[in-house]
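Have a look at the structure below, then the notes.
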Amino acid sequence: MNLISCDWGTSRFRLHLVQRKNLEVISSLSTDEGIKSVNLSWQKQSKLNRADFFRKYLEQQIAELAKENQVKLDGLPVILSGMGSSSIGMFELPYADLPFSIGGEDLIYHKFSANSQNEHDIYLISGLASSTDVMRGEETQIIGLQNTIRSKKALVILPGTHSKHVHIEEGKISDFSTFMTGELFATTSKSTILSHSIKPCEIDKAPSFEAFKNGVEAVDKHGYLSALFKVRTRTLLDHRSDELNFAYLSGIHLGEELRQLRKLDPTTEVIICADPKMAFLYRLAKQTLGISLKDYVIPGALSKLATIYGHLAIAQHLNID
């Protein structure tokens, strides 16, 4: 039996046809029509209500996926996570509370049954809320990673535009925090005075590694706001290259995010779910900060499939045929 996995974020739409028996992704499709842009399109029309408008777009993309791969997808169930359940998504759902089982038992979801206009049952997954923070989508990744999280106490790091640090105790999410690491890196490197001192580069050689570590050390010593301006002074006074300043700025942002690890119980295992290059930089930043917590990197292939595996686990839990 196959399943359609949909990860609908703020700025990206991702669709996957998955073979459940072998846990295999048969085919995929992605677009730039994230929740935000589809919501704006919905507001410009008056014929369909919000849920029907989003479902129409989803059905069109499923049809496109079937056409591109010459397969029949009639009647296959769809698991949809991410921003689809947000206030600007298909249908707003309340957040689930903490503690939250990483097995998925505590999920809040809503089923849209197939009808004359829509061929597929859609299971819309909600997110989580603590007293101070929210997430939509990352909870599905954690469910997909459940078999790799074996420590009694762990911190799972999910890097991204808004990086998540997810605290897990005895198989349950007990708390989490959001860090605007990716968004602030993009903003400072492109839309501030620092843009004149930055040129994108691969952080993959000794000089860039050293510049990256210097950035981590600077934010730890001077704090975030002061360390940022040193990107500029490195150009004016030290004549550092724009490429090395890119690595330095990256170090500032990852160092600022990871300084928080010093507050953790020393028995906590840090689990990094990222592609190999990003995981390496997170470990390098952690090492540079002198944080000795045991860590583990989720293999790159599994990191990419975490959401899909989460959807498969959810389908099994909900007895979706």
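We did not get these values from a lab; they are worked out from the coordinates using the rules stated. Quick caveat, the model's predicted, so the values are computed rather than measured. Note that we place each Cβ from the backbone using ideal geometry, even for glycine, and neighbour counts take in every protein chain shown.
I need the shape label for the stretch 281-321. Rule: rounded when a/c is under 1.5, else prolate if a/b > b/c, else oblate, with a, b, c from the alpha carbon gyration tensor.
On the way: a/c = 5.56, a/b = 3.24, b/c = 1.72.
Prolate shape, in that a/c is at least 1.5 and a/b is the bigger ratio.
Sorted by average packing, counted as other Cβ atoms within 10 angstrom per residue and highest first, what order do 281-294, 302-315 take?
Numbers: 281-294: 17.1, 302-315: 21.7.
Top of the packing list down: 302-315, 281-294.
Check which residues have an amide H placed less than 5 Å from I271's amide H, if you skip close sequence neighbours.
Amide H neighbours of I271, under 5 Å, 5+ apart: L155, V156, I157, Y296.
Report, by chain and number, residues whose modeled amide H sits under 5 Å from the one on I173, excluding near sequence neighbours (fewer than 5 apart, same chain).
Correct list: F100, S101, I102.
Which ³J(HN,Hα) values in Hz, rounded to whole numbers, follow from the phi angles of the stretch 147-152 under the Karplus curve 6.51 cos²θ - 1.76 cosθ + 1.60, where θ = phi - 60° and Gly and Pro get x?
6, 9, 9, 10, 6, 5
In the stretch 60-126, what GluC sites (Glu not before Pro) fall in a loop by DSSP, with at most 12 other Cβ atoms inside 10 Å? Walk me through the numbers before you get to the answer.
Working: sites: E64, E68, E92, E105, E119; in loops: E92, E105, E119.
The qualifying sites are E105.
Provide the per-residue ³J(HN,Hα) series for the stretch 23-30, in order, calculated from phi with Karplus coefficients 6.51, -1.76, 1.60 and θ = phi - 60°, each as a whole number of Hz, with x at glycine and proline positions.
Working through the residues one at a time gives 6, 10, 7, 7, 7, 9, 8, 9 Hz.
From the phi of every residue in the stretch 258-269, what ³J(HN,Hα) in whole Hz does the Karplus formula 6.51 cos²θ - 1.76 cosθ + 1.60 yield, where θ is phi - 60° and glycine or proline is x?
8, 4, 5, 5, 5, 7, 6, 4, x, 8, 6, 9
Which values of log₁₀ I(q)/I(0), to two decimal places, follow from the Debye formula for the stretch 1-149 at q = 0.14, 0.19, 0.21 Å⁻¹ with a uniform point scatterer at every Cα?
Ignoring solvent entirely, the Cα scatterers give -0.68, -1.23, -1.44.
Tell me the mean residue ellipticity at 222 nm calculated for the chain from its helices only (DSSP H runs of n ≥ 4, each -39500 (n - 2.57), averaged over every residue, nearest 500). Don't jump to the answer; show the numbers that get you there.
On the way: 9 runs with 124 residues, N = 321.
Counting only the DSSP helices, I get -12500 deg cm²/dmol.
For the stretch 2-136, please report how many Lys pairs fall under 16 Å Cα to Cα, leaving out neighbours fewer than 8 apart on the same chain. Write down the numbers at each step before the final one.
Numbers: K36/K44; K36/K56; K44/K56; K47/K56; K56/K111.
Total qualifying Lys-Lys pairs in the stretch 2-136 comes to 5.
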